[in-house]
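What follows is a set of notes on a single structure, which appears directly below.
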Amino acid sequence: MISIINFDRFLMGYTLAAHILIVTLSIALSIMVSLSEFLAIRKKDVYYGVLAKRLSKALIIFFAVGTASGTVLAVELFSLFPNFMVLIAKVDILPFYYEVFAFFLETICLVIYIYYWDYFKNRYHHWIFSLFVAAGTVLSAVFITMINAFMNTPSGFNIPVYISTGVLTDINPLAAIANPSAFSEISHVVTTTIAAGSFALLAYFAVNYLRSRNQEARNVYSKAINITALVGLITIALAGITGDSAMRGLLTMQPLKYAAIELNYFHTMVNAPELLGGIMVNGHLEYYLSIPGVQSMLAFLSLNSSQPVPGLLSYPNQPWPPLFVHLTFDTMVGGGLLLGLFLLYLLYRIFRRKPLTSRIMLYGMIVSGVLAEIVYDSGWVTDEVGRQPWIIYDNVMTVTQAANTSPSVIPLGIGIIIFYLIIVPFTFYFAARVIRNEAVDKELEKEKGVQWYR
C-alpha cells in the first residue's frame, strides 16, 4: 500500500512538472502576442506584426497540448486522490468552475483572434481579443492556485469538527476561496509564472538570434528580445516582493513548514541566523554556513527583533516535512539572486540605450532562461513537499488518507508517463520550428502591403 501511495505521489509530481513547462510558455506567449501586436499597431512596425503572427501560431500549439494536459491532471486528481476530491467538491469546488469559464474565454477569443486576423478594419478591435486571451490564460492559473492556497491554509468549514469526527459542517465556499494565503500565493504564482515563461522565451530568442544569418530575421528576434526582457524585468521584481511576503506569511500560517524550509532545528529562537546549505546527519546539523541574525531581520524587517521564529524541536509530536526542502529553497533564493544580478546589468544597458544583442548579453539570456526554470521548479517543490505529509494542511488530511491504494492506478500512471514523454518534446519542437522559420522576407513584404501599417 505504501509503495502505491508513493507511486501516486510520483505520478502527480511528474505530471505537474510536465504541465508547468507548458503552462509557463502558454501564459508568457499570450502576453507577448498581445504586446507585439500593440506595438505593431502603435509604431506601425511590420517586424512586430510578423512577430505577433509567429508567436500566435506557437501559442495555438501550447494551448492545444495544455488543454489535453489539463484534462489528464483532472483525471489524475479523481483517480489518485479520490478522498481529497470528495472534500474539495463539498467545500472548495468554485475555483474549478471558475477555471472552466476562464478556459472558455481563452478558447473563444483565441479562435476569433487567429482565424479572423484580417477581418477587422480597426486593428485595435482585433488586438482587444488578444487581451482576453491573455486574461483567460492568467485567470486559469489564478483559479487553480486558489485550490493550492486552500490546501496550504484551509478554511470555509469547521476544521476541529472535521478532524475529530470526519463530518463536514459549517461549509462556506466563499470563505474557502478567501482563505488566509490566497492573495499572497496567487500574486506570487502569477508573477513567477510569467517571469519563468518570459526568461525561457528570452533564452530561445537569444539562441535564434545567434544562429540566424538572415538580417531581417535578426530584426524580428531583436524586437522580441527587447519586449521579453522588459516583461522579465518587471515580473521578476514583483516575484521577489511577493515571494518575500509569502515567506513571512508562513511564520503565522504554516510555522512548521517555515521551520523546515529554514532548517531551524532548534527550539523557538530570537535573532535567528540564516543557514546556507546544511543537511541533517544522525540528528546533527552539518555542512552549512550560518549568517547571524539575518533570518530574523528578513522575517520581521527589523535589525534587532525580539520576536521568535519557530524551530523544528518545538513540534516533536507532529510529522516533519522532508528536510531537503531547505536545499530546494536555497536553490530558489540563490538562483533568484543570480538572476537579479543579471537583470541589474540588463537594466543598466536599457537605461544607457545600449543594444541587448551583444554576444555577452545573448549568452547571459540563455543562462538566465535555464536558471529561471530551475528557480521556478525549486519553488514549487519547496511549497508542495514542505506541506508533506499533509495534502490539506493543519492536520485536516494526509496524502495517505487521500490516496487511492488500488493497484489499478499503476497501468493508468504508466500510460500517462508515456504520454508526456512523447507529447512534451514534440510540443516544444514544433512550436520552436514555427517561430524559427527563416523565410521572413515574404512575411515582411506581405505585412508591408497591409493598409493599416501606412
TODO: Quick one: which residues, 5+ away or cross-chain, put their amide H under 5 Å from the amide H of residue 391? H built at 1.01 Å from N.
DONE: 397, 398, 399
- [ ] Among (1) 23.8; (2) 27.9; (3) 27.3, find the value of Kirkwood radius over Cα pairs in Å that was calculated from the structure presented, and write down its label.
- [x] (1)
Open item on the list: Can you order the peptides 167-175, 318-326 by their average number of other Cβ atoms within 10 Å per residue, highest first?
Closed with: 318-326, 167-175
Task: Label point distance in nm, residue 3-residue 101, each placed 7 Å from Cα along Cα→Cβ - done: 4.7
Open item on the list: I want to make sure I understand the PRE zone here: with the label point 7 angstrom from the Cα of residue 303 toward its beta carbon, which residues in region 236-273 have backbone N atoms less than 18 Å away?
Closed with: 271-273
TODO: Using per-residue counts of other Cβ atoms within 10 Å, averaged over each peptide, order 101-110, 145-154 from highest down.
DONE: 145-154, 101-110
Task: the chain: angle of helix 182-211 to the longest principal axis, Cα-based, in degrees nearest 10 - done: 40
- [ ] Assuming a ≥ b ≥ c are the square roots of the Cα gyration tensor eigenvalues, decide whether region 271-339 counts as rounded (a/c under 1.5), prolate (otherwise, with a/b larger than b/c) or oblate.
- [x] oblate
- [ ] Set the Förster radius R0 to 30 Å, insert the Cβ-Cβ distance between residue 280 and residue 245 as r into 1/(1 + (r/R0)^6), and round the FRET efficiency to 0.05.
- [x] 0.55
Task: Binned Cα-Cα distance frequencies in region 75-204 - 10 Å width, integer % - done: 12, 30, 30, 17, 8, 2, 0
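So if R0 is 51 Å, what FRET efficiency would residue 353 and residue 167 give, r being the distance between their Cβ atoms, rounded to the nearest 0.05? Provide the component values of the computation, followed by the final result.
Details: r = 66 Å, r/R0 = 1.29.
The pair residue 353/residue 167 has a calculated efficiency of 0.20.
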Open item on the list: Let me check against my output: what whole-number percent is the relative contact order of the chain, with C-alpha pairs under 8 Å and at least 6 apart?
Closed with: 23
Task: Rounded tilt (10° steps) of 409-436 against the dominant C-alpha axis of the chain - done: 30
Task: Label-point gap, in nm, between residue 183 and residue 344 - each point 7 angstrom along Cα→Cβ - done: 3.1
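Throughout, read-outs are computed from the coordinates displayed, never taken from laboratory work. Owing to the predicted nature of the structure, the values given are computational and were not obtained by experimental measurement. Here Cβ is always computed from backbone atoms with ideal geometry, including for glycine, and neighbour counts include all displayed protein chains.
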